[in-house]
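To keep things clear, I will list the structure first and then write my remarks on it.
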């Protein structure tokens, strides 16, 4: 082995060691969350800190589901996220297709409007949005939780970019053969759009699932809360039951982590695509 | 023939209008209209729970700028931004450069760094609150093993903001890393190879090749991180509630408190507009200098 090769091997080993150390410390909080969630309520209050639970117990999970209606929170989260995701995908496909493929007067101006709306931070509009939802009598309802998020300019933008990258010829041939626009979209375009749909769907689901400020202000009774709201309210406890809180955190993060692990590429693409809220 | 095309054009317009309608309605009602309504509200003394309102001109804005808590919120937000952005960007860049070495297990590393990005802010804030717990938490337990008595991270005004900053760097690291990794992969390998032949060390290559070539990406990520930092809220809500002694009071938390705890709608709308204006400036900078591919 010559000296150059040796040097490369050593430097690569150092890179691996540095990266591995960093990666482990990135994952450490998740390990701590999981291990704490499996401990007895009082086991965490010992001065001699231990990593492993002395005996694995699911009592933290049991308390989360019985002392707090976490199962209900979870169902609300699922329902709200599924509604929002479905609606966002449908509205984004329609708008993205219109921007990418249809000629109509004022297209650029309308598209610029969508882009500008993307720049407006949700925090700057939350007060009037709340007042509006209250005026409509939709506080503390699924409609109130979902309505503002049924469409996003980001989704329209993402789908437009994707449609623009597709060749037009298939669609044109179909139209010459007498297909309607709707048929073209459903039969020809959509099957080719699956990766983009997956990307958008995952992204929408993640943001909806993790969203917190809006469900926090819009819900007034426990039975309408989402997981994130229930979790945030736990942080105000004076005598924190850490195993129970960690169990609740595991339940609130697991769906997104599993979705992420099963479709990492789409996830990373969707977030790297543009700098939206995270 | 011309008539047929015209007819088709009309049809396309009709189809387009129909296709755009749902998203257009949603975001006009919940984004465009609210941003102007909040501007309108910011000129009134109005409460979330009362029906009367009184025109006060720029009164809310002058009160705000003279309010010590709001001023504190601004300096704290700047402090937070200065703490999160440079360190976060630098770390992410270093990790991306290390990962860009045609390594094995790239997938594993990328996922490890990215997992905090996709998990909920509320949940990870809760986990970090527990890790930073002064007596039984992970951090202080580990510190005591090497003979250091750790501070009350979230209860000591001197340490609370630092704790929030550490959590936020950890949470967002993977996001910037992915952006940098994409930018690095656009640099042709030949550039590095020829530099190596000319005898450049890897440190020299980093400063003379990587940094100049990744500048646009670096700028984009920096602006995005600054804008994200100005909107910091979730971790403050869960970890500190703006305390202790306002040491972590930031702009959006102030807005939230004024609007939804004290019901001062007009006043909070002025906060919203100040935030919006500042973010707008950064957006314009970003669009002008870093992103031209729309």
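The values are calculated or read from the model by the stated rules, or taken from the named source; none is laboratory data. All values derive from a computational prediction rather than experimental measurement. All Cβ positions, glycine included, derive from the backbone under ideal geometry; neighbour counts span all protein chains shown.
The residues listed here are A:75, A:34, A:65, A:71; of these, the one that is within 24 Å of the chain's Cα centre (by Cα), free of Cβ contacts under 8 Å to residues at least 40 places away in the same chain and surrounded by 15 or more Cβ atoms within 10 Å (Cβ to Cβ) is A:65.
Taken together, A:116, A:165 contain a single residue that is surrounded by fewer than 19 Cβ atoms within 10 Å (Cβ to Cβ), out of contact with any strand residue (DSSP E or B) (no Cβ under 9 Å at 6 or more places or on another chain), over 23 Å from residue A:210 (Cβ atoms) and within 11 Å of chain B (Cβ to nearest Cβ), which is A:116.
When residue A:123 is tested against the conditions (1) surrounded by fewer than 16 Cβ atoms within 10 Å (Cβ to Cβ); (2) in the same structural domain as residue A:208 (by TED's automatic domain parsing); (3) modelled with pLDDT under 95, the lone failure is (1). Of the candidates A:17, A:83, the single residue that is loosely packed, with under 13 Cβ neighbours inside 10 Å and at pLDDT 90 or above is A:17.
Condition check: part of a helix (DSSP H, G or I) and facing chain B (nearest Cβ under 8 Å). Does residue A:146 satisfy that? Against the criterion (part of a helix (DSSP H, G or I) and facing chain B (nearest Cβ under 8 Å)), residue A:146 does not qualify. Condition check: within 14 Å of another protein chain (Cβ to nearest Cβ) and more than 30 Å from residue A:135 (Cα to Cα). Does residue B:115 satisfy that? Answer is yes for this residue. Looking for something touching a helix residue (DSSP H, G or I) at 6+ places or on another chain (Cβ under 7 Å), in contact (Cβ under 8 Å) with a residue 40 or more places away in the chain, part of a loop (DSSP other than H, G, I, E, B) and surrounded by 15 or more Cβ atoms within 10 Å (Cβ to Cβ) - is there at least one such residue anywhere in the range B:164-178? No, every residue in the range B:164-178 fails to be touching a helix residue (DSSP H, G or I) at 6+ places or on another chain (Cβ under 7 Å), in contact (Cβ under 8 Å) with a residue 40 or more places away in the chain, part of a loop (DSSP other than H, G, I, E, B) and surrounded by 15 or more Cβ atoms within 10 Å (Cβ to Cβ). When the residues of the range A:29-59 are filtered to those that are assigned to a helix (DSSP H, G or I) and more than 8 Å from chain B (Cβ to nearest Cβ), the one that is farthest from residue A:245 (Cα to Cα) is A:31.
When residue B:89 is tested against (1) farther than 21 Å from residue A:207 by Cα; (2) within 9 Å of another protein chain (Cβ to nearest Cβ); (3) surrounded by fewer than 24 Cβ atoms within 10 Å (Cβ to Cβ), only condition (2) is not met. Condition test on residue A:156, is it within 12 Å of chain B (Cβ to nearest Cβ), within 19 Å of residue A:190 (Cβ to Cβ) and touching a helix residue (DSSP H, G or I) at 6+ places or on another chain (Cβ under 6 Å)? Considered against the rule, which asks whether it is within 12 Å of chain B (Cβ to nearest Cβ), within 19 Å of residue A:190 (Cβ to Cβ) and touching a helix residue (DSSP H, G or I) at 6+ places or on another chain (Cβ under 6 Å), residue A:156 comes out as yes.
Evaluating residue A:124 against the criteria (1) more than 9 Å from chain B (Cβ to nearest Cβ); (2) in contact with a helix residue (DSSP H, G or I) (Cβ under 8 Å, 6 or more places away or on another chain); (3) within 30 Å of residue A:162 (Cβ to Cβ) leaves one unmet condition, (1). Under the condition of being surrounded by fewer than 18 Cβ atoms within 10 Å (Cβ to Cβ) and modelled with pLDDT of 95 or more, the residues counted in the range B:41-61 number 1. Counting only helices (runs of 4 or more DSSP H) that sit wholly inside the range A:191-254, those with at least 1 residues that are closer than 27 Å to residue A:144 by Cβ and free of Cβ contacts under 8 Å to residues at least 40 places away in the same chain are A:213-218, A:227-234. Restricting B:221, B:245, B:268, B:277 to residues that are surrounded by fewer than 14 Cβ atoms within 10 Å (Cβ to Cβ) and closer than 30 Å to residue B:123 by Cβ narrows the list to B:245. The requirement of being in a helix (DSSP H, G or I), out of contact with any helix residue (DSSP H, G or I) (no Cβ under 9 Å at 6 or more places or on another chain) and closer than 30 Å to residue B:13 by Cα is fulfilled somewhere in the range A:88-109, by at least one residue. Count of the range B:133-161 residues, restricted to those that are in a helix (DSSP H, G or I) and in contact with a helix residue (DSSP H, G or I) (Cβ under 7 Å, 6 or more places away or on another chain), is 3.
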